[in-house]
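Undergrad: The structure's right below; bear with me while I get my questions together.
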Amino acid sequence: MSISLWQLNTLSKEMFVGQIGGVFEHSPWIAEKAWEARPFHSVNELHEAMLDVVRQAPEDQVTELLRAHPDLAARMTMTSYSSAEQQGAGLHELSPDEYKRFAQLNAAYTTQFGFPFIMAVRGRTKADLLAAMQERLQHSTVQERRQALLEIQRITQLRLMDVIEE
C-alpha cells in the first residue's frame, strides 16, 4: 500500500505512524518523533528526519531498536517487511544444514554483540549473508553497532521508497 508524500504530510500523527511506523522494525516511536518535522519535500528528507530521531535517541533506546530486528532465517513471527525481504534472499527455503548454520551464526552473533545480526538482505543471496555474518563476527562491538545502524539506514530507505510516492 503506497501513499503520496503530499498525503503523508497532511496526516494526523496517529495516521502518519499507522502508515510508516513499521518502517523501523517494531519502533513506531521513530515515526512519532519524525512527524513533528513535517512537511517533508522528499522521501530522502523524511528518511533523514527519521534517522535524526535515532541519532538523538538515548543509547538504551537505540539498543532496543537493534534488538527489535529478527534473526535471519528465524522461524518466528516477523513484520511483513522482514518476511518479504528474507524471502527475497531465499531464507524461507533453507536446507536443514543451512538452517543449522544460520542458527549457529545468529546465536554466536547475538551472544557477542547483544543484538541480532542486521543486514539489508534485498538483492543478496544466502551465501552473501553467511559470508557477511562470519566476517562481521570479527568486528569490535563499536564497529558492529555502527555497521548495524548503517544496515538499518539502508533497509529503511528501501522500505520508505516502497511505500511513498514522490
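Taken together, the values in this text are just the output of simple stated rules run on the coordinates, not laboratory data. Keep in mind the model is a prediction, meaning the values are calculated, not measured. Glycine gets a Cβ as well: all are built from the backbone with ideal geometry, and neighbour counts include every protein chain shown.
Undergrad: Could you give the length gained on full extension between residue 163 and residue 93, defined as 0.36 nm per residue of separation minus the Cα-Cα distance, in nm?
TA: 22.6 nm
Undergrad: Among 15, 133, 119, determine the one that fluctuates most according to a GNM of the chain built with springs between C-alpha atoms less than 10 Å apart.
TA: Answer for the Gaussian network model of the chain: 15.
Undergrad: Here's another thing I want to ask about it. Amide H to amide H under 5 Å from residue 72: which residues, 5+ apart in sequence or cross-chain, H placed 1.01 Å off N in plane?
TA: Residues meeting the criterion, in which the H sits 1.01 Å from N, are 117.
Undergrad: Give me the number: length gained by fully extending residue 149 to residue 60, i.e. 0.36 nm times residue separation minus the C-alpha to C-alpha distance, one decimal in nm.
TA: So the chain would gain 30.7 nm between residue 149 and residue 60.
Undergrad: Same structure again: Could you give the alpha-carbon Rg of the range 100-166 over 2.2 N^0.38 Å, rounded to two decimals?
TA: After normalising by residue count via 2.2 N^0.38 Å, the value is 1.21.
Undergrad: Please give every one of the lysines within straight-line cross-link reach of residue 33, meaning a C-alpha to C-alpha distance under 23 Å, and leave out same-chain neighbours fewer than 8 residues apart.
TA: 13
Undergrad: Calculate, for residue 138 and residue 3, the FRET efficiency according to 1/(1 + (r/R0)^6) with r their C-beta to C-beta distance and R0 41 Å; round to the nearest 0.05.
TA: E(calc), rounded to 0.05, equals 0.50.
Undergrad: Within the set of other residues whose C-beta is less than 13 Å from the C-beta of residue 45, count the net charge using Lys and Arg as +1 and Asp and Glu as -1.
TA: -2
Undergrad: Follow-up. Name the long-range amide H neighbours of residue 164: under 5 Å, sequence gap of 5 or more, or other chain; modelled H, no Pro or chain starts.
TA: Amide H neighbours of residue 164, under 5 Å, 5+ apart: 3.
Undergrad: To make sure I understand the rule: partners must be lysines, Cα under 27 Å from the Cα of residue 100, and not fewer than 8 residues away in the same chain. Which ones qualify?
TA: Filter leaves 126.
Undergrad: Taking the Cβ of residue 115 as the centre, find all other residues whose Cβ is under 13 Å away and add up their charges (Lys, Arg: +1; Asp, Glu: -1).
TA: So the environment of residue 115 carries a net charge of -3.
Undergrad: Based on the alpha-carbon gyration tensor of the range 3-165, what equivalent-ellipsoid semi-axes (square roots of 5 times the eigenvalues) come out, in whole Å, largest first?
TA: Semi-axes (√(5λ), whole Å): 29, 18, 12.
Undergrad: Residue 125 to residue 36: extension gain in nm, 0.36 nm per residue of separation minus the Cα-Cα distance?
TA: Roughly 28.2 nm would be gained on extension.
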